[in-house]
Amino acid sequence: MTKEGGSPPAGPAGPGKGEREVRVSLPGHLRNLADAPPEVALRIPEPATIGAVVNAIEMTYPMLRGTIREIETGKRRAYIRYLACGEDLSHRPESTPLPEPVASGQEVFNVIGAISGG
Amino acid sequence: MPKVRLLLGTRKGAFILNSKGNRKEWRVDGPHFGGWEVLHVQGSPADPDRLYASTWTDWHGQVIHRSEDGGRSWEVVGNEFAYEGEPGTHLWYDGTPHPWEFKRIWHFQVSPHDPDTLFAGAEDAALFRSGDGGRSWRELPALRAQTGSEWQPGAGGLCLHTILIDPGNPDRMYVAISAAGAFRSDDGGASWKVTTGGLESEFLPKPEAEVGHCVHKLAMHPSRPDTLFMQKHWDVCRSDDAGDHWTEVSGNLPSDFGFPIAVHAHEPETVYVVPILSDMEHYPPDGRLRVYRSRTGGHEWEALTRGLPQKDCFVNVLRDAFAVDTLDPCGIYFGTTGGQVYASDDAGDHWEEIPGSFPRVLSVEAQVLP
């Protein structure tokens, strides 16, 4: 099976002015769908928020639109969790600033599927 | 020699089974979309290498895929299914109003003439159409407008699972929804008529009500588009006036509960069902897996057992997991909830299990390739 997607195109070294580069890990189903590596580096505009990370995932991998947030409502899907720095960020508003270790690329922003059997 | 290709949707991926046409030896290709629930895979009659697949998980929702090369490669296409206007409510299991919410696509029907035109049946029940190969979808809202507020989900959900198109008149379509009923359009989906006359369902407050019958599947022979066969929650029925009136043809079946129903490719009065014990007991009577065939359009049924397990068998065959091919003799195929796939190359007289143990089989389609 071939897929659209793959690693995001390499940009110039380091984020530009007004940008941050964050590290993102996607769940297995979505890595397969996007043909993405286990961890991807994504540029996001400042302010570096939870919503900016999810926007960047959807911009880089358009085939994932609807698989993390519902298309019709923009809400995080019920069985998706956002974890970083040992915290569950899932229930915070999308406008919430990322923890600085995530915004600075030291720590990974993890998108995971909740453990729900199946 | 023509080849046969089976498109299997399962609980954990899609599989493509290829035979050289003798329908004895099969090569299994897959899983495609491993780990995803694949509700349906269907090919275009006009371009058999154009395939559409509906994949879904609880975690990530619905993703529609398209292939241009018979399933060797796939691309993600349109994934946006928006109800037209203010969707309103249908009834929930407890009879209270419940907002309409899109969950997933159960079934495709690709146009007989155009590979880019297809219909998709949704849960919560609605009919969507794409004219650009699945890249964008529009609802045909008239279907829900008339009686949708009275629809109530069956145990599997409020799903639109059957879409039949009259090959001689594409404006005539039939759809069926669990547990709402059967519907016909004579104008390409712009308006719909409830087609449940004569049906009776004892679980309804009024057994002969217009809305609320749990239709499990409809089948039609392309040469007789006014004749329909129905497997209902209980009862096997037929209509000879495009669904306006139905009569029960369960006859001597050991149980008239079941899910799939299909018509022989070359004999419009030869019909197949797979009886299971009851609405609560979804396995064959006596632990014997028997397909029943009527050569008289119903009433008189014969058990087809040669090559099927006749002891300690407690699997089910789901509504979309039964298919016929167009070769002569007609090939018949079905998959079970236990992951077995059976094939008959003589219209059901003899069966062989296709080697392989698959996840729970949700759908089977058969294609004949030159």
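What to note about this one:
- Single unsatisfied condition, B:Val274 versus (1) in contact with a strand residue (DSSP E or B) (Cβ under 9 Å, 6 or more places away or on another chain); (2) assigned to a loop (DSSP other than H, G, I, E, B); (3) of a type outside the set (Gly, Ala, Ser): (2)
- If only residues of the range B:81-100 that are buried (at least 16 other Cβ atoms within 10 Å of the Cβ) and within 14 Å of another protein chain (Cβ to nearest Cβ) are counted, the one that is farthest from A:Asn32 (Cα to Cα) is B:Pro87.
- Looking only at the range A:64-118, residues that are farther than 30 Å from B:His65 by Cβ and of a type outside the set (D, E, K, R) come to 17 in all.
- Test: B:Trp59 is more than 22 Å from the chain's Cα centre (by Cα) and within 23 Å of B:Ala126 (Cα to Cα): yes
- A:Ile112 fulfils the conditions (1) more than 11 Å from chain B (Cβ to nearest Cβ); (2) among the aliphatic types (A, V, I, L, M); (3) assigned to a strand (DSSP E or B) except for a single criterion, (1).
- Residues in the range B:142-162 that are surrounded by fewer than 21 Cβ atoms within 10 Å (Cβ to Cβ) and either under 15 Å from the mean Cα position of the chain (by Cα) or over 26 Å from B:Asp94 (Cα atoms) (or both): 2 in all.
- Residue within the range B:106-114 that is of a type outside the set (D, E, K, R), more than 14 Å from chain A (Cβ to nearest Cβ), in a loop (DSSP other than H, G, I, E, B) and out of contact with any strand residue (DSSP E or B) (no Cβ under 9 Å at 6 or more places or on another chain) present: yes
- Residue within the range B:251-259 that is of a type in the set (Asp, Glu) and under 19 Å from B:Ala321 (Cα atoms) present: yes
- Of everything in the range A:13-48 that is of a type in the set (Asp, Glu) and not in a loop (DSSP other than H, G, I, E, B), the residue that is surrounded by the most Cβ atoms within 10 Å (Cβ to Cβ) is A:Glu21.
- Filter result for the condition that a residue is of a type in the set (Val, Ile, Thr), within 12 Å of another protein chain (Cβ to nearest Cβ), part of a strand (DSSP E or B) and in contact with a strand residue (DSSP E or B) (Cβ under 6 Å, 6 or more places away or on another chain), over B:Val28, B:Val63, B:Val41: B:Val63
- Search result, residues across the range B:269-280 that are out of contact with any Pro (no Cβ under 9 Å at 6 or more places or on another chain) and at pLDDT 95 or above: B:Glu269, B:Thr270, B:Val271
- From the list B:Asp279, B:Asp312, B:Asp320, the lone residue that is among the acidic types (Asp, Glu) and over 25 Å from B:Ser201 (Cβ atoms) is B:Asp312.
The values are calculated or read from the model by the stated rules, or taken from the named source; none is laboratory data. Just so it is clear, the structure is predicted and the values come from calculations on it, not from any experiment. Every residue, glycine among them, receives a Cβ derived from its backbone with ideal geometry; neighbour counts consider all protein chains shown.
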